[in-house]
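Asks: Got a structure for you, questions after.
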Amino acid sequence: MEHTPAPTGAPDPRRLDREASPSPDPVSGPGRADGLEAEPAAAVIVFGDALDRVRDFANQLALRGEELGLIGPLELPRLWTRHIVNSGLVAPLVAPGALVGDVGSGAGLPGLVLAIARPDARFVLIEPMERRTDWLRSEADRLGLENVEVVRARAEDAPYAERLDQVTARAVSALRTLIPSVVPLVRRGGELILMKGVRVEEERQAAAKQIAKARLTNIEILTLGDGVTPEVTRVFRAIVG
Ligand SMILES: C[S@@+](CC[C@H](N)C(=O)[O-])C[C@H]1O[C@@H](n2cnc3c(N)ncnc32)[C@H](O)[C@@H]1O
């Protein structure tokens, strides 16, 4: 697999700039959960036609996420920017028609957000905690997402050996741990799309042995969302050799 370019018609957050942004009026709308961050202008750029469903998911997460232990009490005022838009930034990296595993989906980040944004791909959400898999299943049903399967397992035990075209993960573990646990799930020539924080370069250096052992090639570190949203995301992207 070559690295995937943004599909035709989908916004490429690496190229979006402020001139492309619509008016920055936040959408507040009726029925918005108390304390939820107003929807930022970036949401329409990142999600386009999928925004109504993403909005529904964000609101439900804001209403129930704390009670279910999915998000902390401090997350509501930054839910859109830090979590929802941030997750959506990787949507253009999903290959058309791909079978994508999202390891450690938790509340559905980025897995459910990507499944809404990319109905042309199929998503397997791999998450070991029952309370979280219950939430993921109920949200996939409620939102009518037919491209989602939820598997309760650790990545190391998930029954997908060498079957996935792409793997995503966000806030699961450092690259030196994450790479050996996700690579066995990916077919040869498939791709890792691992969302990381500002220390991604240090993590990459610390994972040199694991990267060599997994025979990763075409390694790139991308910064997505610059000029679109204040919370850019960094992605460690590589092909499994
Ligand atoms: C900090 S949470 C992040 C959740 C979500 N990805 C996000 O960005 O909000 C880490 C998640 O990874 C899951 N997890 C930890 N180790 C895992 C493993 N080996 N395989 C699959 N999931 C794992 C945890 O159960 C938890 O839901």
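Any read-out appearing in this document is the output of simple, stated calculations on the displayed coordinates, not a laboratory observation. Keep in mind it's a predicted model, so treat the numbers as computed, not measured. Reconstructed Cβ throughout: ideal geometry from the backbone, glycine too, with neighbour counts over all protein chains shown.
Asks: Work out, in µm²/s and without decimals, the Stokes-Einstein translational diffusion coefficient of the range 73-144 at 25 °C, 0.890 mPa s, Rh from Kirkwood over C-alpha pairs.
Replies: 195 µm²/s
Asks: Given R₀ = 51 Å, FRET efficiency for Ala38-Asp134 by Cβ-Cβ distance, to 0.05?
Replies: Calculated transfer efficiency: 0.95.
Asks: Also, I was wondering about something else. So if R0 is 35 Å, what FRET efficiency would Glu2 and Val198 give, r being the distance between their Cβ atoms, rounded to the nearest 0.05?
Replies: Given R0 = 35 Å and the Cβ-Cβ separation, E is 0.80.
Asks: Sort the following peptides by mean Cβ neighbour count (other Cβ atoms within 10 Å, averaged over residues), highest first: 41-51, 219-229, 84-94.
Replies: 84-94, 41-51, 219-229
Asks: Over all directions, how big on average is the projection of the convex hull of the alpha-carbon atoms in the range 45-110, in square nanometres?
Replies: Average projection, Cα convex hull of the range 45-110: 4.9 nm².
Asks: Rounded to the nearest 5, what is the percent of antiparallel bridges among the DSSP beta bridges in the chain?
Replies: For the chain, the DSSP antiparallel bridge percentage is about 40.
Asks: Can you list residues from other chains, or at least 5 along the same chain, whose modelled amide H is less than 5 Å from the amide H of Asp102?
Replies: Val124, Leu125, Ile126, Thr168
Asks: Each label point is 7 Å from the Cα along the Cα-to-Cβ direction; what then is the distance between the points at Glu220 and Ala153, in nm?
Replies: Result: 3.0 nm between the two label points.
Asks: Same structure again: Using the Cα atoms as the points, what is the convex hull volume per residue of the range 18-240 in Å³?
Replies: Spelled out: Cα convex hull of the range 18-240, divided by residues, is 116 Å³.
Asks: Treat the range 196-241 as a sphere of radius equal to its Kirkwood radius over Cα pairs and apply Stokes-Einstein at 25 °C in a medium of 0.890 mPa s; give the translational diffusion coefficient in µm²/s, rounded to a whole number.
Replies: In µm²/s, the coefficient is 214.
Asks: What FRET efficiency do you get for Arg163 and Leu63 if R0 is 51 Å and r is their Cβ-Cβ distance, rounded to the nearest 0.05?
Replies: 0.90
Asks: Positive end of the dipole of the range 18-240, charges at C-beta (+1 Lys, Arg; -1 Asp, Glu), about the Cα centre: which of Pro180, Val235, Ala33 has its Cα farthest in that direction?
Replies: Farthest along the dipole direction, towards plus: Pro180.
Asks: Using modelled amide H (1.01 Å from N, peptide plane; none on Pro or chain starts), what sits under 5 Å from the amide H of Leu164, excluding residues fewer than 5 places away?
Replies: It is Val186, Arg187, by chain and number.
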